[in-house]
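What follows is one structure encoded as structure tokens, with my remarks underneath.
The values are calculated or read from the model by the stated rules, or taken from the named source; none is laboratory data. From a predicted model like this one, the values you see are computed outputs, not experimental measurements. Please note: Cβ atoms are built from the backbone with ideal geometry, for glycine as well, and neighbour counts cover all protein chains shown. Accessible surface areas use protein heavy atoms only, side chains included; no ligands, DNA or RNA. Shrake-Rupley method; radii C 1.70, N 1.55, O 1.52, S 1.80 Å.
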Amino acid sequence: MEASVILPILKKKLAFLSGGKDRRSGLILTIPLCLEQTNMDELSVTLDYLLSIPSEKCKARGFTVIVDGRKSQWNVVKTVVLMLQNVVPAEVSLVCVVKPDEFWDKKVTHFCFWKEKDRLGFEVILVSANKLTRYIEPCQLTEDFGGSLTYDHMDWLNKRLVFEKFTKESTSLLDELALINNGGDKGSQQEKERSVDLNFLPSVDPETVLQTGHELLSELQQRRFNGSDGGVSWSPMDDELLAQPQVMKLLDSLREQYTRYQEVCRQRSKRTQLEEIQQKVMQVVNWLEGPGSEQLRAQWGIGDSIRASQALQQKHEEIESQHSEWFAVYVELNQQIAALLNAGDEEDLVELKSLQQQLSDVCYRQASQLEFRQNLLQAALEFHGVAQDLSQQLDGLLGMLCVDVAPADGASIQQTLKLLEEKLKSVDVGLQGLREKGQGLLDQISNQASWAYGKDVTIENKENVDHIQGVMEDMQLRKQRCEDMVDVRRLKMLQMVQLFKCEEDAAQAVEWLSELLDALLKTHIRLGDDAQETKVLLEKHRKFVDVAQVQNWLSSFSTSSVFE
């Protein structure tokens, strides 16, 4: 029976245990009768509840019952005394009926108790309030009977409700915790997991119940003795009434089960965390080895131009962006696994290290593939860039070669010839750079199978190789054609230079001949006065003729050399 069930009856204070004791250390049960008619059923319920509170050891010492009949009639008192035989016949040692100041029929009352004495099983005495101290010490009597023992019925009732609530909650909580903690001791592992899942959360908060128990125990310990000036009064919250040892025992059991429960929760939390990590690891691994790898396998080309390579790079950046999200999950998981490894739980070390190794291997392999693909596309972009620059140089050189040369003089021809040589040299350097870039790209393509996950990429690689080699061969042919045209243009321009040189030489010869003629006409007009002077003039004339013939021959030789 719980106090909360019969709370309205208990509030009437039909009977109470004040906490006082008789000289035999038996508890004192007080029944204060009033002017109104006492409901015997309610009194019986109250007595049943009160007598269920003390321990068996306390009950064995017997009870002293004080029936306060000062405000009641004799027949009511008699009924109550007789009722005690049915309620607590073995526990009652003495019944003290406190008589009123008005005179009862002593003969009748004495005769009735004397007549029923053997049948009742306990002694009944009539006593006035001031004579109770003959049987009970004053410090064990309440103030109603002239004693010094303090008793607050509502305070006792409230504390009793707290105690019973704590007892009920703690007992229920202990059963739940025991079921949780020991749910898997019997049966299969599957049954254990199912049992723990169904009862994992207790119906009440263990911390709250423990706090309530500690507050209750502290209240009991503080109120066990109360008094002043060295006098000691027993409180109704005595451990024999509210079972202080029972509270302590419940608290000890709760602490023990709660400690085990916390360990179960810790293990469950750790297991749950491990399962979550394992699930996330498999999600990362499955995506990287599934859709992630499929994306990389689908991207095998290198493009046939700068624009095509840039488009492939942009697509690759989108793939990298998707991978970055999963790599971020990998970093977080790796930190969680490292934290669990540092916790030092040996039973999980092997599994955690295996998960960490598996995750790291897949992520590092996928990151290497992404980096390889990025480097390949960058090399292809550089190759196509060099090829485009070389093509533009060849186009420029070809444009120069296709334009007719109309030089004004030999110097301009020499300058044009020098520009052609410089452009041809630049083409040679560009072609060499193209070959180096192409060879490097071919070397990278030959290693593409390392991340193909067993896929045959021979056909795709062959297309890329053919394209690279085709570009290099095409550039080589174009260069060769330009070189041939440069050779022809070079010969033509050299002839033109020689022609201009001959023209200059002829003009110089004409100038010299004109000067010679002028000099001859001005100075060589005399015929001589005698044979000797004429001979000298004739010799001088021969020299003029020889000089003119030499100039004429030089001019003819230069012209014939150009046309040859």
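Inspect all residues belonging to region 322-343 and state whether any of them is more than 19 Å from the chain's Cα centre (by Cα) and either outside any helix (DSSP H, G or I) or in contact (Cβ under 8 Å) with a residue 40 or more places away in the chain (or both). Walk me through it before giving the result.
Going through region 322-343, the residues more than 19 Å from the chain's Cα centre (by Cα) turn out to be none.
Checked region 322-343: no residue is more than 19 Å from the chain's Cα centre (by Cα) and either outside any helix (DSSP H, G or I) or in contact (Cβ under 8 Å) with a residue 40 or more places away in the chain (or both).
Keeping to region 344-369, report how many residues are in a helix (DSSP H, G or I) and more than 30 Å from residue 314 (Cβ to Cβ).
Kept after step one, since they are in a helix (DSSP H, G or I), are these residues of region 344-369: 346-369.
Next cut, more than 30 Å from residue 314 (Cβ to Cβ) only: 346-358.
So the count comes out to 13.
Consider residue 309 carefully, then state whether it is hydroxyl-bearing (Ser, Thr, Tyr), over 22 Å from residue 181 (Cα atoms), crowded, with 17+ Cβ neighbours inside 10 Å and in contact with a helix residue (DSSP H, G or I) (Cβ under 8 Å, 6 or more places away or on another chain). Lay out the reasoning, then the answer.
Values: hydroxyl-bearing (Ser, Thr, Tyr): yes; over 22 Å from residue 181 (Cα atoms): yes; crowded, with 17+ Cβ neighbours inside 10 Å: yes; in contact with a helix residue (DSSP H, G or I) (Cβ under 8 Å, 6 or more places away or on another chain): yes.
Yes.
Got a sec? Which of 455, 418, 423 is at pLDDT below 90 and not in a helix (DSSP H, G or I)? First the steps, then the outcome.
Details: 418 fails: not in a helix (DSSP H, G or I); 423 fails: not in a helix (DSSP H, G or I).
After applying the criteria, what remains is 455.
Take residue 372 and decide whether it is surrounded by fewer than 21 Cβ atoms within 10 Å (Cβ to Cβ), of a type in the set (Phe, Trp, Tyr) and within 20 Å of residue 313 (Cβ to Cβ).
Values: surrounded by fewer than 21 Cβ atoms within 10 Å (Cβ to Cβ): yes; of a type in the set (Phe, Trp, Tyr): yes; within 20 Å of residue 313 (Cβ to Cβ): yes.
Yes: the conditions hold for residue 372.
In region 349-408, what residues are within 52 Å of the chain's Cα centre (by Cα) and among the hydroxyl-bearing types (Ser, Thr, Tyr)? Before the answer, list the steps.
Initial filter on region 349-408 (within 52 Å of the chain's Cα centre (by Cα)): 349-389.
Those that are within 52 Å of the chain's Cα centre (by Cα) and among the hydroxyl-bearing types (Ser, Thr, Tyr): 354, 360, 364, 368.
Could you tell me whether region 427-438 includes any residue that is closer than 24 Å to residue 310 by Cβ, in contact with a Lys or Arg (Cβ under 9 Å, 6 or more places away or on another chain) and among the hydrophobic types (A, V, I, L, M, F, W, C)?
Yes - at least one qualifying residue is present in region 427-438.
Pairs only if they're at least six apart or on different chains, beta carbon under 7 angstrom, first in region 500-519 and in contact (Cβ under 8 Å) with a residue 60 or more places away in the chain, second of a type in the set (A, V, I, L, M, F, W, C) and in a helix (DSSP H, G or I); list them, first residue then second.
Once the first residue is in contact (Cβ under 8 Å) with a residue 60 or more places away in the chain and sits in region 500-519, its partners that are of a type in the set (A, V, I, L, M, F, W, C) and in a helix (DSSP H, G or I) give 502/562.
Let's see how each residue does on (1) within 30 Å of residue 5 (Cα to Cα); (2) modelled with pLDDT of 85 or more:
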position: 86; (1), (2): yes, no
position: 142; (1), (2): yes, yes
position: 145; (1), (2): no, yes
position: 158; (1), (2): yes, yes
position: 175; (1), (2): yes, yes
position: 182; (1), (2): no, no
position: 190; (1), (2): no, no
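If I ask for residues that are closer than 21 Å to residue 470 by Cβ and open to solvent by less than 20 Å² (accessible area, probe 1.4 Å), which ones from region 412-432 would you list? Step through it out loud before you land on a result.
Here is the first cut: in region 412-432, the residues closer than 21 Å to residue 470 by Cβ are 427-428, 430-432.
Result: 427, 430, 431.
Just to be sure, is residue 350 open to solvent by 70 Å² or more (accessible area, probe 1.4 Å) and farther than 30 Å from residue 445 by Cβ? Reasoning before the result, please.
Values: open to solvent by 70 Å² or more (accessible area, probe 1.4 Å): yes; farther than 30 Å from residue 445 by Cβ: yes.
In short, yes.
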